[in-house]
Structures are given as C-alpha cells and as structure tokens.
2 protein chains.
Amino acid sequence: MDTLEIIRSLAVIIIFSKFFGLCARKIKAPEVAGEIIAGLLIGPSVFNFVQKGDFIAGMAEIGVILLMFSAGLDTNINQLKKSGIKATILACVGVAVPFIGGFLLYSYFYGFSKPGSEHFTIALFIGCILTATSVSITVQALKELGKISTEVGTTIMSAAIIDDVIGIIVLTAVISTKSSNTSIGMVAFKTILFFVLVLILGYLCFRLMEIIDERYPKTRRIPILGLFLAFSLSYIADKYFGVADITGAFCAGVILSSLRDSDYIERKMDINSYMIFGPVFFTSIGLQTDLKKLDMTILLFSICFVIVGLLCKVVGCGITAKLEGYNLNDSLKIGVGMMTRGEVALIVAQRGIKYGLDSKFFTSVILLIVISSILTPIILKALYAKEESVVETNA
Amino acid sequence: MDTLEIIRSLAVIIIFSKFFGLCARKIKAPEVAGEIIAGLLIGPSVFNFVQKGDFIAGMAEIGVILLMFSAGLDTNINQLKKSGIKATILACVGVAVPFIGGFLLYSYFYGFSKPGSEHFTIALFIGCILTATSVSITVQALKELGKISTEVGTTIMSAAIIDDVIGIIVLTAVISTKSSNTSIGMVAFKTILFFVLVLILGYLCFRLMEIIDERYPKTRRIPILGLFLAFSLSYIADKYFGVADITGAFCAGVILSSLRDSDYIERKMDINSYMIFGPVFFTSIGLQTDLKKLDMTILLFSICFVIVGLLCKVVGCGITAKLEGYNLNDSLKIGVGMMTRGEVALIVAQRGIKYGLDSKFFTSVILLIVISSILTPIILKALYAKEESVVETNA
C-alpha cells in the first residue's frame, strides 16, 4: 500500500466511522457499533472502498493497545478494595458462568473436541468473549439514571471492573496454552512470572512516575512516558512471556491508574484514540467481516450466542447477588447491569482470529454488543421505575 | 515488519526522541533538533535499534501532514491582511534571495546543470529548503524577549507566516515541473486549477464548518472533520493535480484557520502530533541519515550552506527593511528574526528525497536548524540590549 493510498484510506475511514458513530448515538446505540457498521460498508461486504493492508492492520494494533491502556488507567484500585469481597465474588461468577456457557454453546453447534485441538481453543475463545462486562456502557447507563453512586451502582461498577481483570487473566491463560509449544506447567510458570515482573516493575515505575509527576505535573512527558510503558510492557509480555500484548498494555494502565495525573494521561490517550487509532481499529473489524461468508448456521448461532450471553450474566450475577443478601429487585438490577458487552469482547474476538477463530463470528459479537447495550438501559430504567412506584404506593 | 516489531520500534522511538528533545530544550536548542539526533542514534549511523520500514514511513507521512495542517491552522489571515504590503515585500525578498543563494551554492559545489536534469531539480530543492523562516522558533524567541507585539515583532511574525505560504508555492512549482511528464504550461494550469479548487471548496467547507461549529462548539466532530479535510485535500492535491500532498494539508489548515474553534482543532492535532506522529517523523529523518555516507565535500558544503542560509535572510530582509524606512537597528532585528529555520526546511528536504536529493544533505539542514535557532535568540537579545542602553544614555 503506497502512502497516497494510506492517506485515502484514512480519510475514508475517518469520515465514515464518525458519521455512523454519530448515527448510532442518535438511536442510543453505542458509537462503536456505528463504527463497525461503517467498516462493513466500506469493506469487502459492500462498497470495497478500503482494503485492509498491513498498514491499517498495524494502526489497528496500536489502536487496541491504546484502548486497553485506557481501560487499565480507568481502573480505580481504591474503589475495588472498598467494595471488596462481594463484588469480587460477583465478578468471578459473572466470568465463570458466561465462559462455560459460551464454551458449551460452541461445542453444541460445532461438536465437542479434545483439549489442544483447534476447535477446543475456538470454543474457549467464544467463552472468553462473553466474560467481560462493558464498563463504559454500564457507566453511561447508570449515569443517565443518576444511580451511579448508590450501593447497587457501586457494586455493579466494581464487579464490572474486576471482571475485566479476571477476563484478561482467563484470556491470557487460553492464549498461552495455544501459542506455546511447551507444557502447561511452563505456560503457567511464565504467566505467573510475568505478573510478578509487572508487580515489581510496576512498583518501581509507579514510584518513578510519582516523582516526575510531583515535579512536573500536567506536562507532556507524563503521558509520553505512560505511552512508552504501555508499548514496552506489550512488547515484553508477548515476546518474552507468551502473554497477549494487550494484557501488557492493560497492566501498564493499571500501574499508572493511581497516579495523581492518571486522568490527564487518559485524556491525552483518548484524543489519540478517538481521532485516528480508535476509528481505524473498530472499522478494521468491519473490514475483516465478509457478510458474504454468512450461512444459516452462523445466523442461528448468533441468535443463541446473544441469548446465552445475556442470560448467563443475568442469571449468574443475579443469583449470586441474591445469595449475598440483596433483595430481588436489586439482584435483578445487578444482573442486568452486568450484561452489557463492548470493546473488550471485540478485542478478544480480534485476538482469536490469530488462533483460528473465523471472522464470521464477529457478526455474533457485534449483534451481542448492539442488543445488550440497547436493552440494558431500557430494562434498568424499568426496574428503577417499578421500585419507585412500589415505594410511592407504600408511602 | 510484524506487529510486535512495530510496537518495539515505537517504544524505542518515543523514549529516545522525548529524552533528547528534553535535553535539547535544556540547552536552549529546539526540541526537533533533539528528536533528529535521537533518530541518528537509534538508526543505522550508530546503534541500529530501529529499521525504517514501510510502517514507520507511513506514520512519518501522516506526521508531516499533521504538522503542515497545524502550520496552516496557525496562519492568522487577519494579521496578514493588516501588516499588508510591507511584510509581503519582506517575505518575497526573504524567499527569493535564499532560494537563489541555495541554488547557486549547490551548483557551485556540484556543477551547473541544464534545466530539467536531476541535478538542476536538486539545486532547486536546496534553494527551496532555505526559503521558509521557522515561525515557531521566532515566536519563541520574541516571546522570551517580551517583544512579540511591538511593530518590529508583528512585522517579523507576518513576514515569517507569509514566507511559509510563498515557500510552499515555490516548492509546489519545483515539484510539479519534475513529477509531471506534461509541459510546463500544463503544470502551471493544473497548479492554478488546484488553488482555484481550494478557494471554492475552501469557501464551501468553511461555511459548512462554521455552521457545525456554531451548533456544536468544542465537540469531537470539529477536529475530526478538520482531519478529514486535511487528508482529503492532501490526497486530491497529489493524485489529481500533481501538487505536493503537504500543500493540500497546509491549505486545509488555512481554510479552517479563521474558524472560531481553530485553536481547539489545533490543540487536538498537536496532541496527536507530539505523542506519536511528530516524534516518528523527526526521528525518521535521523533514521534516514547515514553518517557513514558523509565525506569532506558534504561537510564543507554544510558549512557554506549554513553561512549562505543565514546571510541571505539577514542581508535580503535587512536591506529590504531599511528601504521600507526602518532604522538600522530595527532592520537588523528584522533580518536576524527572519533567519531561523525549522520544521518546514526538513519537510522540504524530506520531500526532495523522492526527487533525487541525497539523504546526506539532511546533515546540512539539521546543522542550519540547530545553529540558526541557537544564534537568533542570542543576537536578538544583544540588539535589543544595545538599543535600550542607547535610549538610557540619551535620557
């Protein structure tokens, strides 16, 4: 792809993704859904305006690293510590149930396979895709209802953040088993070694950055050093530990999340993300999806995938919340609040491509994201309205 | 270059360019000089940490488009109109004298050639490199002296901005004569046609953007639409009119420079620039320069190039200012104020590579930038100090 072609592709990607992103927002769907649809339109499925060459692929990779770095920066470690055990248990169940659900669903459709085979790995990936709740969409929904600082709101938020972390660990484990030729023991050892490194390196980097941040607050060097850490950890994770590069980026974000200027870093990253790299990443997912490949099986699978994806979270988290002592209505709210899916599901699916996951499954993921993020705010609103009417009747 | 290699390269580029950029600032040299030196160090000349592959080249191209778009946005059309004829004449002489000086210098060193030959084009490029004063470095110098809003300050600023525009026109003319197979008449026709298109399209885009800006001030869509315009005009300029893509980006910036939110767009662009694309661009210049290629001729040439570059501006602009009625001291200030060179010189040199300019000439350009931007503030300070001591003696 020559430079002129790159410039043309970027111009097309930017205008289409922004336009459809705005359209999506107008109908209360998440912007990313619009950006993916833009990719479908300009890709091989419809107009074929843009080919996905090496350059676009590289930009998309940077895009996903920036996204995961931002997600890490967004992690509020103190809030996690406070909400403690309850949210952690919720998150664990909220990861385990959909993971098993996704695994079983794929195996039911495409046959159960032996551990180690490609189908087995793909089934694990389908499970992985379902694990992470979309923090951003849930935050948005709770914000609009004005319920973000209630007990239920905090619990949902904390569990959503924790399940990102657990989801990433599960993903790391799944990838390591496949990508490495060594034994499972070796993989586990290297993964643990990586997290130990992150703890040590993280502590040192955090202290160093704290000193720099103290002396030069809100200067350009802060986000630039952050970006350097994100790229370095991504590289080290993948190259030396067989851990996904996005895990490295996420860890870099978590390391810096308690920094006084972490918001400042995140804002700068977000500008880079939404201007160029983000649109390129989400559009490139659409570019990879060829709608002509779709058949009845995948359509049927997609419908079941969405149902399983939603129910596993509602049932898993709802029952856990009830067992933890919440009343029925609150338990339902927690279950529904946890069912949104977003960027992380796409990122996991994208990663799966490397390990044999067919790009036709993007359709299922996109469908899940769109439906879950339209349904969640509506159902939450209804649940809160019902509660208030009950309160009024009693009064 | 695989994705992992890209991530590694970016990490190395970001940390080195930032570190050396800061070092440069500490010794009052421009940051870009530090970034280029970083490129020299990590490139083939010294450590060979990073290879300049297609991906880095593509990122660098986006970087230069963003830089030129920013430069266009920075153009204050109203200030240009006010300072009017005097500054325009200054700028014209300030472009013409160094252009001829550079052309003659190259021809003296490497032989005079017939129009149309490669050596002739290279000589024209060497002339082009010397035309544009660095607005940013001059602004910085005048700001530090607190003299930016004086009559002399405004004149220097305006002339520096105008000579960017004239410099771009000269560059466009030089490139068009070379890159097109058609007659010079056709080239001139297409170039004029391009600027007519820019006028019409520019007017329409500006009106449209004004409406959007009115309804949605300071929203993400404003800089994103700006970026789209920059990429589109770059592509159209190069593809359909044989005009340099950076000219298109510059025009896009000028079109939007009178927008109420132009500062807002510029800030967002700057963040994209300084975080990733800018460092990649300036570092990639260092990456392209192989110091092992240097010989005595080029060293001697570089020294003469710096002397010619500085003297042509001081003499050309100084004499013109004197003829326009400024006193001797003010004329000298104007001449010295105009002699800084910066990004645009590098961008022109970078462009020249495509047309046969050897990358060894980067050394000369880098030397000129470093020396001019160290000397200008020092001499200006001395001139202002001298004036004040004269005023005090008289009082």
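The values are calculated or read from the model by the stated rules, or taken from the named source; none is laboratory data. It should be emphasised that the depicted structure is a prediction, and the values quoted were computed from it without experimental measurement. Every residue, glycine among them, receives a Cβ derived from its backbone with ideal geometry; neighbour counts consider all protein chains shown. With ligands, DNA and RNA removed, areas are computed over all heavy atoms of the protein, side chains included. Shrake-Rupley method; radii C 1.70, N 1.55, O 1.52, S 1.80 Å.
Please enumerate the residues belonging to the range B:30-51 that are open to solvent by less than 10 Å² (accessible area, probe 1.4 Å) and not in a helix (DSSP H, G or I).
Within the range B:30-51, B:Gly43, B:Val50 meet the criteria.
Suppose we filter the range B:211-238 for residues that are among the basic types (Lys, Arg) and farther than 14 Å from B:Glu266 by Cα; how many remain?
Result for the range B:211-238: 1.
Working carefully through the options A:Ile378, A:Ile319, find the one that is over 28 Å from A:Ala24 (Cα atoms), in a helix (DSSP H, G or I) and open to solvent by 50 Å² or more (accessible area, probe 1.4 Å). Break it down into steps so the answer makes sense when it comes.
Numbers: A:Ile378 fails: over 28 Å from A:Ala24 (Cα atoms).
That would be A:Ile319, the only listed residue that is over 28 Å from A:Ala24 (Cα atoms), in a helix (DSSP H, G or I) and open to solvent by 50 Å² or more (accessible area, probe 1.4 Å).
Let me confirm something: among A:Thr191, A:Thr182, which residue is farther than 23 Å from A:Ile129 by Cβ and modelled with pLDDT under 80?
Every option except A:Thr182 fails the conditions.
Every residue, every condition in (1) open to solvent by 50 Å² or more (accessible area, probe 1.4 Å); (2) over 17 Å from B:Gly94 (Cα atoms); (3) in contact with a Cys (Cβ under 6 Å, 6 or more places away or on another chain), yes or no:
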position	(1), (2), (3)
B:Asp295	yes, yes, no
B:Ser302	no, yes, no
B:Lys313	no, no, no
B:Lys354	yes, yes, no
B:Ser359	no, yes, no
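Might you let me know whether the range B:170-184 holds any residue that is more than 14 Å from chain A (Cβ to nearest Cβ), farther than 23 Å from A:Ile13 by Cα, in contact (Cβ under 8 Å) with a residue 12 or more places away in the chain and not in a helix (DSSP H, G or I)?
Yes.
What are the residues in the range A:251-270 that are within 19 Å of the chain's Cα centre (by Cα) and within 14 Å of chain B (Cβ to nearest Cβ), if any?
Those that are within 19 Å of the chain's Cα centre (by Cα) and within 14 Å of chain B (Cβ to nearest Cβ): A:Ala252, A:Glu266, A:Arg267, A:Met269, A:Asp270.
Could you tell me which numbered condition A:Arg25 fails, if it satisfies all but one of (1) open to solvent by less than 40 Å² (accessible area, probe 1.4 Å); (2) at pLDDT below 90; (3) under 20 Å from the mean Cα position of the chain (by Cα)?
All conditions are met except number (1).
Out of curiosity, is A:Gly58 of a type in the set (Gly, Ala, Ser), more than 10 Å from chain B (Cβ to nearest Cβ) and in contact with a Ser or Thr (Cβ under 9 Å, 6 or more places away or on another chain)? Walk me through how you get there before you give the answer.
Values: of a type in the set (Gly, Ala, Ser): yes; more than 10 Å from chain B (Cβ to nearest Cβ): no; in contact with a Ser or Thr (Cβ under 9 Å, 6 or more places away or on another chain): yes.
Criteria not met by A:Gly58.
If I go through the range A:206-249 residue by residue, how many of them are more than 8 Å from chain B (Cβ to nearest Cβ), in contact (Cβ under 8 Å) with a residue 60 or more places away in the chain and not hydroxyl-bearing (Ser, Thr, Tyr)?
Result for the range A:206-249: 7.
Within the range B:271-287, can you find the residues that are of a type outside the set (Phe, Trp, Tyr), within 14 Å of chain A (Cβ to nearest Cβ) and either within 30 Å of B:Leu357 (Cβ to Cβ) or not in a helix (DSSP H, G or I) (or both)?
If the condition is that a residue be of a type outside the set (Phe, Trp, Tyr), within 14 Å of chain A (Cβ to nearest Cβ) and either within 30 Å of B:Leu357 (Cβ to Cβ) or not in a helix (DSSP H, G or I) (or both), then B:Asn272, B:Ser273, B:Met275, B:Ile276, B:Gly278, B:Pro279, B:Val280, B:Thr283, B:Ser284 are the ones that fit.
Cβ-Cβ under 7 Å, sequence separation 6+ or interchain: first residue in the range A:2-30 and over 14 Å from B:Lys239 (Cα atoms), partner open to solvent by less than 30 Å² (accessible area, probe 1.4 Å) and charged (D, E, K, R). Which pairs?
From the range A:2-30, the pairs are A:Ser17/A:Glu35; A:Phe20/A:Glu35; A:Gly21/A:Glu35.
Only residues that are assigned to a helix (DSSP H, G or I), open to solvent by less than 20 Å² (accessible area, probe 1.4 Å) and small (Gly, Ala, Ser): list them for the range A:217-267, please.
The answer is A:Gly226, A:Ala230, A:Ser234, A:Ala237, A:Gly248, A:Ala249, A:Ala252, A:Gly253, A:Ser262.
Go through the residues of the range B:70-89 one by one and say whether even a single one is part of a loop (DSSP other than H, G, I, E, B) and either open to solvent by 10 Å² or more (accessible area, probe 1.4 Å) or more than 13 Å from every other protein chain (Cβ to nearest Cβ) (or both).
The answer is yes; a qualifying residue exists.
Among (1) more than 14 Å from chain A (Cβ to nearest Cβ); (2) in contact (Cβ under 8 Å) with a residue 24 or more places away in the chain; (3) more than 30 Å from A:Ala244 (Cα to Cα), where does B:Val64 come up short?
All conditions are met except number (1).
Here is a list of conditions, (1) open to solvent by less than 10 Å² (accessible area, probe 1.4 Å); (2) outside any helix (DSSP H, G or I), and A:Gly325 meets all of them except one; can you say which number that is?
All conditions pass for A:Gly325, except number (1).
Find the residue count for the range A:271-291, including only residues that are of a type in the set (A, V, I, L, M) and within 18 Å of the chain's Cα centre (by Cα).
Step one: filter the range A:271-291 for residues of a type in the set (A, V, I, L, M), giving A:271, A:275-276, A:280, A:285, A:287, A:291.
Among the residues that remain, those that are also within 18 Å of the chain's Cα centre (by Cα) are: A:280, A:285.
Selection size over the range A:271-291: 2.
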